[in-house]
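Note sheet for the following structure.
The values are calculated or read from the model by the stated rules, or taken from the named source; none is laboratory data. Quick caveat, the model's predicted, so the values are computed rather than measured. Cβ: placed from backbone, ideal geometry, glycine included. Neighbour counts: every protein chain shown.
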């Protein structure tokens, strides 16, 4: 996982922006349940009334309220409305009140609001023709109020007319002999002292109901409610739009970061692979390198998106939801604790089951790619040997191994969803069950329960997101480790430092003389040398041929010149400069290399022949094609040099592919030509014609040829005979026929007795 976070750290600035946006998104997401609760509780149930202090009030209602207040509070309330008398007789609350003044007035008016509403409710439910209050005194009203809060006696909701009736009764009561505010305060204190906290909370909600009755009496209740709903609904809509915009921005930035990480990883991986020697490539295998460059990087990209969008967001949302729940006074916080404990156990269980499988999945992908590549590249031998059934079974085994692992992990993921659904539904059931009881006792409102359910679902969803990502992380971690292994693998063949490369960089007028000085070479991990004490010089204008039995080290020797491998003993020099002290680009500019197996790239014939550099012109291409005996089949194609070449040159024959590979090297006009058994796919006639034309082109160049056929090396200026990694013969054909038993054996196996006649051979040479 550290490798993935290391990649994310490269884009720390964008990641910080994403984190900031996620906090904004979480704030919006966590605020929406509160707004929903306000709309339900305040906007619908309370008619949009938030405060027990009315914004507008009639004089009659104000007088009734002040009768139930102390002298000081009554004066403060009168002053809060007194300066804003409207034409319709409605007083308006001052707008210059401070927050402290407004809070003090709300506390002062709460109890009078309760008493006045209870009186209105009592009046509404009194028998017809009976004066509910009369002039019997406040004590009777207090008793009735206490009874109405402790028993379910309200059957009729009071109206504005009931409020007007009560206000008139209170006005009449104030004119009674012996009425004092102090007596009223004592009676109220005694009435409310006997009530418990739950009943007091219920009574406080009735203070808002009194305000609602007052607005109904004024005819503005609907307007007040709609203004509140529009205001809170507009805020809710604004938060929703902001959350949507932030979510889109997070997705955009996360995708850009992920794409940039994939781009950088592919670039770094390719840069590492392109600098690998054959030893590093063989160590990883081609199939594994392809998997690491494609599937592994895709896994890392996907997880990076998930980390930025889900893993970073889930804790913010979950912790925020927990804090909101804990700060609520619902008494249902234990449900969240139970949920979190169950979710953690579920996630740990699934991770312990699925994680080992994810760790081996990428190896199984490697195996499947390897088998597929081998079958596709070797389809002709497979058919020729009737091994289709065997290869099908081999592929089927690799495919089934991968499938079984994927099925296991997918089943684990699928099994997680029903359990998560069960937890969410079970949580909702617990909240509704216990929340319903709380609503019966008056400790919870409908909107609060809705908000609590929403917060709980957010907490559960945050854990669900973490669980989904946690199961995916092991596979991505393995993929990141595999990619990092390629990137961190140091190539065994590197450019020299500036001091060592200075002589090569200052050297001008390269001649291309190649010299081996007591060269020995051993493959990495091998027990013995593949080449032992090889010494020779290949001079410009001359052809040096290397021949020997299969596996004697001919191609290995040739590969030491372009530094596909580095010598383990001795040195290889070009114009007296060790190739290890030459920058690889400079060394390769001097070489025209034709591999044993011709390699063409997707494109056109022309693009392949110009592969050696931008300096190659169309004239160079045509000349090279003529020398390589490729002009005939190129001109026969309708598009000529613009004819398409499929991947790997699969749409041309082996001989055509080899001739195009030779033409590609010739078009470059190098100082040194390296032919690794490059004429093996050519017929004898084409071989002779090509070598004759090549001789004229390479008069001033060094030519080194690895060959299996004697006919290819007959007229070489110097023939090197290898046997089990040792140089057992060096000289011309005639000299080797006279002195080298190994060469004689090869010659006798390929040439007739007449051809072995040295005199006859020399005569033929002179005639040519």
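Some points to look at:
- If the condition is being in contact (Cβ under 8 Å) with a residue 12 or more places away in the chain and not in a helix (DSSP H, G or I), then region 159-185 contributes 159, 176.
- Failed condition for residue 516, given (1) over 43 Å from the mean Cα position of the chain (by Cα); (2) part of a helix (DSSP H, G or I): (2)
- The residue list 59, 25 contains one member that is within 28 Å of residue 227 (Cα to Cα), in contact (Cβ under 8 Å) with a residue 24 or more places away in the chain and more than 55 Å from the chain's Cα centre (by Cα), which is 59.
- Helices (runs of 4 or more DSSP H) lying entirely in region 527-630 (those with 1 or more residues that are within 26 Å of residue 750 (Cα to Cα) and in contact with a strand residue (DSSP E or B) (Cβ under 8 Å, 6 or more places away or on another chain)): 554-559
- The residues on offer are 499, 479, and the sole one that is assigned to a helix (DSSP H, G or I) and either in contact with a strand residue (DSSP E or B) (Cβ under 7 Å, 6 or more places away or on another chain) or surrounded by fewer than 17 Cβ atoms within 10 Å (Cβ to Cβ) (or both) is 499.
- Within region 709-722, the set of residues being over 14 Å from residue 537 (Cα atoms) and surrounded by fewer than 18 Cβ atoms within 10 Å (Cβ to Cβ) comprises 709, 711.
- Test: residue in region 569-583 that is modelled with pLDDT of 90 or more, farther than 26 Å from residue 708 by Cα and over 51 Å from the mean Cα position of the chain (by Cα): yes
- On inspection, residue 364 qualifies as touching a helix residue (DSSP H, G or I) at 6+ places or on another chain (Cβ under 8 Å), modelled with pLDDT of 80 or more and part of a helix (DSSP H, G or I).
- For region 528-562, the set of residues classified as closer than 24 Å to residue 275 by Cα and surrounded by fewer than 19 Cβ atoms within 10 Å (Cβ to Cβ) consists of 530, 555, 562, listed by residue number.
- Across region 688-701, the number of residues qualifying as in a helix (DSSP H, G or I) and crowded, with 18+ Cβ neighbours inside 10 Å comes to 3.
- Any hit, region 353-362, residues being surrounded by fewer than 13 Cβ atoms within 10 Å (Cβ to Cβ) and more than 30 Å from residue 283 (Cα to Cα): no
- Taken over region 688-705, the criterion of being at pLDDT 90 or above and in contact with a helix residue (DSSP H, G or I) (Cβ under 9 Å, 6 or more places away or on another chain) is satisfied by 703, 704, 705.
- Of the residues making up region 636-654, those that are crowded, with 18+ Cβ neighbours inside 10 Å and part of a helix (DSSP H, G or I) are 641, 649.
- Considering residues of region 60-95 that are out of contact with any helix residue (DSSP H, G or I) (no Cβ under 7 Å at 6 or more places or on another chain) and modelled with pLDDT under 85 only, the residue farthest from residue 166 (Cα to Cα): 95
- Evaluation of residue 633 against (1) without any contact (Cβ under 8 Å) to a residue 60 or more places away in the chain; (2) in a loop (DSSP other than H, G, I, E, B) (one fails), failing number: (2)
- None of 161, 154, 106 is touching a helix residue (DSSP H, G or I) at 6+ places or on another chain (Cβ under 7 Å) and either surrounded by fewer than 19 Cβ atoms within 10 Å (Cβ to Cβ) or at pLDDT 85 or above (or both) except 154.
- Lone unmet requirement of (1) in contact with a helix residue (DSSP H, G or I) (Cβ under 9 Å, 6 or more places away or on another chain); (2) over 30 Å from residue 649 (Cβ atoms) for residue 370: (2)
Rundown of residues vs (1) farther than 24 Å from residue 174 by Cα; (2) in the same structural domain as residue 449 (by TED's automatic domain parsing); (3) more than 52 Å from the chain's Cα centre (by Cα); (4) without any contact (Cβ under 8 Å) to a residue 60 or more places away in the chain, yes/no style:
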| position | (1), (2), (3), (4) |
| --- | --- |
| 19 | yes, yes, no, no |
| 29 | yes, yes, no, no |
| 72 | no, no, yes, yes |
| 93 | yes, no, yes, yes |
| 115 | no, no, yes, no |
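- Extreme residue, modelled with the highest pLDDT, among residues of region 666-687 that are in a helix (DSSP H, G or I) and surrounded by fewer than 17 Cβ atoms within 10 Å (Cβ to Cβ): 685
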